[in-house]
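The values are calculated or read from the model by the stated rules, or taken from the named source; none is laboratory data. In this text, all values refer to a predicted model and were calculated from it rather than measured experimentally. Ideal geometry is used to build each Cβ from the backbone, glycine not excepted, and the neighbour counts take in all protein chains shown. Keep in mind that these areas ignore ligands, DNA and RNA; they rest on the heavy atoms of the full protein, side chains included. Shrake-Rupley method; radii C 1.70, N 1.55, O 1.52, S 1.80 Å.
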Amino acid sequence: QVQLVESGGGLVQPGGSLRLSCAASGSAFSTSRMAWYRQAPGKQRELVAAIFIGGGTTYPDSVKGRFTISRDNAKNTAYLQMNSLKPEDTAVYFCNLFVGGSMYWGQGTQVTVSS
């Protein structure tokens, strides 16, 4: 069983930065695809970044050039560096792990971008 725990959310002004962390339990981390999703009030959950086993990454246009996903397999931890934050980035951010045909979610961390 995999457990994911996110941290690093909070309140930040427009133009600011935050770094989210996702700590995973278990031994499957290094062979998994990791991703970050977000869900704003009244909207569907959407992918904001993914990193694959080989290190390749993908981002939607809405965050490309501002967000960076990374992973440290030795620490079983994934990160999401978010720069140049905008009010429309306000959402609950969820860590996601996919391995062996199974998908796991963290509990989410709130990110609020407001002046």
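Give the stretch 21-32 a look and list any residue that's outside any loop (DSSP other than H, G, I, E, B), under 12 Å from Phe98 (Cβ atoms) and either at pLDDT 95 or above or open to solvent by less than 20 Å² (accessible area, probe 1.4 Å) (or both), or say none.
Ala24, Phe29
Taking Gly9 as meeting all but one of (1) touching a residue at least 24 places away in the same chain (Cβ under 8 Å); (2) over 11 Å from the mean Cα position of the chain (by Cα), write down the number of the exception.
It fails just one condition, (2).
Filter the stretch 66-75 down to the residues that are in contact (Cβ under 8 Å) with a residue 12 or more places away in the chain, open to solvent by 40 Å² or more (accessible area, probe 1.4 Å) and of a type outside the set (Ser, Thr, Tyr) and list them by number.
Arg71, Asn73, Lys75
Quick one: how many residues across the stretch 44-54 are touching a residue at least 40 places away in the same chain (Cβ under 8 Å) and in a loop (DSSP other than H, G, I, E, B)?
1
Check off (1) at pLDDT 95 or above; (2) touching a helix residue (DSSP H, G or I) at 6+ places or on another chain (Cβ under 6 Å); (3) of a type outside the set (Ser, Thr, Tyr) for Asn73 and give me the number that stays unchecked.
Here Asn73 meets the rest and fails (1).
For Ser32, state whether it is of a type in the set (Gly, Ala, Ser) and over 14 Å from Trp105 (Cβ atoms).
No, not satisfied.
Taking Thr77 as the residue in question, decide whether it is among the β-branched types (Val, Ile, Thr) and under 21 Å from Gln1 (Cα atoms).
For Thr77, the condition - among the β-branched types (Val, Ile, Thr) and under 21 Å from Gln1 (Cα atoms) - is met.
Six or more apart or on different chains, Cβ under 6 Å: which pairs go from a residue in the stretch 85-105 that's farther than 17 Å from Ser7 by Cα to one that's modelled with pLDDT under 95 and buried (at least 20 other Cβ atoms within 10 Å of the Cβ)? Could you list them?
Pairs that qualify, where the first residue is farther than 17 Å from Ser7 by Cα and the partner is modelled with pLDDT under 95 and buried (at least 20 other Cβ atoms within 10 Å of the Cβ), are Val99/Ser32.
Taking the stretch 1-51 only, how many residues are among the acidic types (Asp, Glu) and touching a Pro at 6+ places or on another chain (Cβ under 9 Å)?
1
Of the conditions (1) farther than 13 Å from Gly106 by Cβ; (2) touching a residue at least 12 places away in the same chain (Cβ under 8 Å), Ser27 fails just one. Which one is it?
(2)
Go through the stretch 4-20 residue by residue and tally those that are part of a strand (DSSP E or B), surrounded by fewer than 16 Cβ atoms within 10 Å (Cβ to Cβ) and either at negative phi or in contact with a helix residue (DSSP H, G or I) (Cβ under 6 Å, 6 or more places away or on another chain) (or both).
Qualifying residue count, the stretch 4-20: 4.
Any residue that is modelled with pLDDT of 95 or more, within 23 Å of Val12 (Cα to Cα), hydroxyl-bearing (Ser, Thr, Tyr) and open to solvent by 50 Å² or more (accessible area, probe 1.4 Å) - is there at least one of those in the stretch 40-61?
No, every residue in the stretch 40-61 fails to be modelled with pLDDT of 95 or more, within 23 Å of Val12 (Cα to Cα), hydroxyl-bearing (Ser, Thr, Tyr) and open to solvent by 50 Å² or more (accessible area, probe 1.4 Å).
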